[in-house]
């Protein structure tokens, strides 16, 4: 065995001895250990309050959502008690409890501001109430390696954590709720609209439409016919309605109120009250449903403006039968000079 091999073996032996000694004595055992940053019993959480981005330069109103547990059911306390999808809450709490770090990446106030986890500059501030009191922490910007900055309130230490970006604590309401407000099981066969212009019933049987206006069957005048494109739109426009955001079910706008009744081929019946909310949205509530929704104006607008003229159109003009064309004359022989 040459001297090089002997030296290598000796160095390896020294490293092994040092490793065994550190394990036996516990020396260095705390270096690099993962530490859980936020601790609480998730089964006892009663509320989650999430504040959106904050910065002294911001002029817009700060976004926020507050979720509360009501008898085991999660609701948006900040948005008229609208139901929350429990799996979203469970997933969020698991991510928080899974936030661990080996060591801080920053401790100074300037770095806290730069990483947006300071008391007055942050991407998210989260306050969680539970049986042990409240846990407050801040989520900030990406901190490298698919990690985000996190600081627990009251501590100067900023940590980089995985799987918990600021967007996981969303202040967009639709992130937390079921976004489909209405979708019947069956196909819609009739729609009844009562608006400022009158009462309109559109019924579809197979491929045939029947229209009743103010209690009387609509018979198009001479040269007119039912506009089946519009009738089909009226039947299908409300077959699936999505929530833009929850609305106040107990305080609907009073401008431009209409009612919409729907029947399906599975003997389902639904009735809605709708009103103009603002230039972009309508307020909609299904009767019997304790919750209301703001919906995109494009979905319901035709119901609000519907009138008799929209239900009929001019018949296409009959095309005269094409007359047979005579064959073009056969050109005669070209006059060629005699030889």
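Going through the stretch 253-272 one residue at a time, which ones are crowded, with 16+ Cβ neighbours inside 10 Å and modelled with pLDDT of 95 or more?
258, 260, 262, 263, 264, 270, 272
Considering only the stretch 86-101, how many residues are surrounded by 16 or more Cβ atoms within 10 Å (Cβ to Cβ) and in a loop (DSSP other than H, G, I, E, B)?
The total comes to 1.
Within the stretch 132-187, track down each residue that is in contact with a helix residue (DSSP H, G or I) (Cβ under 6 Å, 6 or more places away or on another chain) and surrounded by fewer than 20 Cβ atoms within 10 Å (Cβ to Cβ).
Residues satisfying the conditions are 163, 168.
Look through the stretch 49-58, keep the residues that are within 19 Å of the chain's Cα centre (by Cα) and in a strand (DSSP E or B), and return whichever of them is surrounded by the most Cβ atoms within 10 Å (Cβ to Cβ).
Taking the candidates together, the pick is 50.
Step by step: first the residues of the stretch 225-239, then only those that are surrounded by 13 or more Cβ atoms within 10 Å (Cβ to Cβ) and in contact (Cβ under 8 Å) with a residue 60 or more places away in the chain, then the one that is farthest from residue 313 (Cα to Cα). Which residue is that? Before you say what the answer is, go through the steps one by one.
In the first step, residues of the stretch 225-239 are kept if they are surrounded by 13 or more Cβ atoms within 10 Å (Cβ to Cβ); the result is 226-228, 230-239.
Going one step further and asking which of them are in contact (Cβ under 8 Å) with a residue 60 or more places away in the chain, we end up with 226-227, 230-231, 233-234, 237-238.
Details: 226: 6, 227: 6, 230: 10, 231: 11, 233: 15, 234: 15, 237: 20, 238: 23 Å.
By that ranking, first place goes to 238.
Test residue 146 against the stated conditions and say whether it is more than 30 Å from residue 312 (Cα to Cα), touching a strand residue (DSSP E or B) at 6+ places or on another chain (Cβ under 9 Å) and at pLDDT 95 or above.
Details: more than 30 Å from residue 312 (Cα to Cα): yes; touching a strand residue (DSSP E or B) at 6+ places or on another chain (Cβ under 9 Å): yes; at pLDDT 95 or above: no.
Against the criterion (more than 30 Å from residue 312 (Cα to Cα), touching a strand residue (DSSP E or B) at 6+ places or on another chain (Cβ under 9 Å) and at pLDDT 95 or above), residue 146 does not qualify.
Across the stretch 159-199, what is the total count of residues that are farther than 30 Å from residue 69 by Cβ and either not assigned by TED's automatic domain parsing to the domain that holds residue 237 or not in a loop (DSSP other than H, G, I, E, B) (or both)?
Residues that pass the stated criteria total 11.
Please list, ordered by first then second residue, the pairs with beta carbon atoms under 6 Å, 6 or more apart or interchain, first in the stretch 112-140 and at positive phi and in contact (Cβ under 8 Å) with a residue 12 or more places away in the chain, second surrounded by fewer than 16 Cβ atoms within 10 Å (Cβ to Cβ) and outside any loop (DSSP other than H, G, I, E, B).
If the second residue must be surrounded by fewer than 16 Cβ atoms within 10 Å (Cβ to Cβ) and outside any loop (DSSP other than H, G, I, E, B), the pairs left are 116/141.
Suppose we filter the stretch 30-48 for residues that are assigned to a loop (DSSP other than H, G, I, E, B) and either surrounded by fewer than 17 Cβ atoms within 10 Å (Cβ to Cβ) or free of Cβ contacts under 8 Å to residues at least 40 places away in the same chain (or both); how many remain?
Initially, the stretch 30-48 is screened for residues assigned to a loop (DSSP other than H, G, I, E, B), giving 30-34, 37-41, 45-46.
Keeping just the survivors that are either surrounded by fewer than 17 Cβ atoms within 10 Å (Cβ to Cβ) or free of Cβ contacts under 8 Å to residues at least 40 places away in the same chain (or both) gives 30-34, 39, 41, 46.
Selection size over the stretch 30-48: 8.
For the stretch 59-85: of the residues being within 15 Å of the chain's Cα centre (by Cα) and within 19 Å of residue 180 (Cα to Cα), which is surrounded by the fewest Cβ atoms within 10 Å (Cβ to Cβ)?
Here is the first cut: in the stretch 59-85, the residues within 15 Å of the chain's Cα centre (by Cα) are 65, 76, 79, 82-85.
Okay, now just the ones that are also within 19 Å of residue 180 (Cα to Cα), so 76, 79, 82-85.
On the way: 76: 20, 79: 19, 82: 22, 83: 16, 84: 25, 85: 14.
Per the criteria, the residue is 85.
Got a number for residues in the stretch 143-184 being touching a residue at least 40 places away in the same chain (Cβ under 8 Å) and closer than 20 Å to residue 120 by Cβ?
Adding up the residues that qualify gives 10.
A quick yes/no check of all residues on (1) touching a strand residue (DSSP E or B) at 6+ places or on another chain (Cβ under 6 Å); (2) under 25 Å from residue 36 (Cβ atoms); (3) in a loop (DSSP other than H, G, I, E, B):
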position: 80; (1), (2), (3): yes, no, yes
position: 103; (1), (2), (3): no, yes, yes
position: 111; (1), (2), (3): no, yes, no
position: 120; (1), (2), (3): no, no, yes
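Yes/no per residue for (1) surrounded by fewer than 18 Cβ atoms within 10 Å (Cβ to Cβ); (2) farther than 30 Å from residue 173 by Cβ; (3) modelled with pLDDT of 90 or more; (4) more than 22 Å from the chain's Cα centre (by Cα):
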site	(1), (2), (3), (4)
275	no, no, yes, yes
287	yes, no, yes, yes
290	yes, no, yes, no
308	yes, yes, yes, yes
313	yes, yes, yes, yes
324	yes, yes, no, yes
327	yes, yes, no, yes
339	yes, yes, no, yes
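Scan the stretch 208-220 and tell me whether some residue there is under 16 Å from residue 300 (Cα atoms), in a strand (DSSP E or B) and either at pLDDT 95 or above or touching a strand residue (DSSP E or B) at 6+ places or on another chain (Cβ under 8 Å) (or both). Reasoning before the result, please.
Here is the first cut: in the stretch 208-220, the ones under 16 Å from residue 300 (Cα atoms) are none.
The answer is no; no qualifying residue exists.
Restrict the check to the stretch 62-77 and report whether at least one residue is part of a helix (DSSP H, G or I) and closer than 24 Å to residue 141 by Cβ. Walk me through it before giving the result.
Kept after step one, since they are part of a helix (DSSP H, G or I), are these residues of the stretch 62-77: none.
No, there is no match, as no residue in the stretch 62-77 is part of a helix (DSSP H, G or I) and closer than 24 Å to residue 141 by Cβ.
The values are calculated or read from the model by the stated rules, or taken from the named source; none is laboratory data. For clarity, every value in this text was computed on a predicted model and none was experimentally measured. Positions of Cβ are generated from backbone atoms using ideal geometry, with glycine treated the same way; all protein chains shown enter the neighbour counts.
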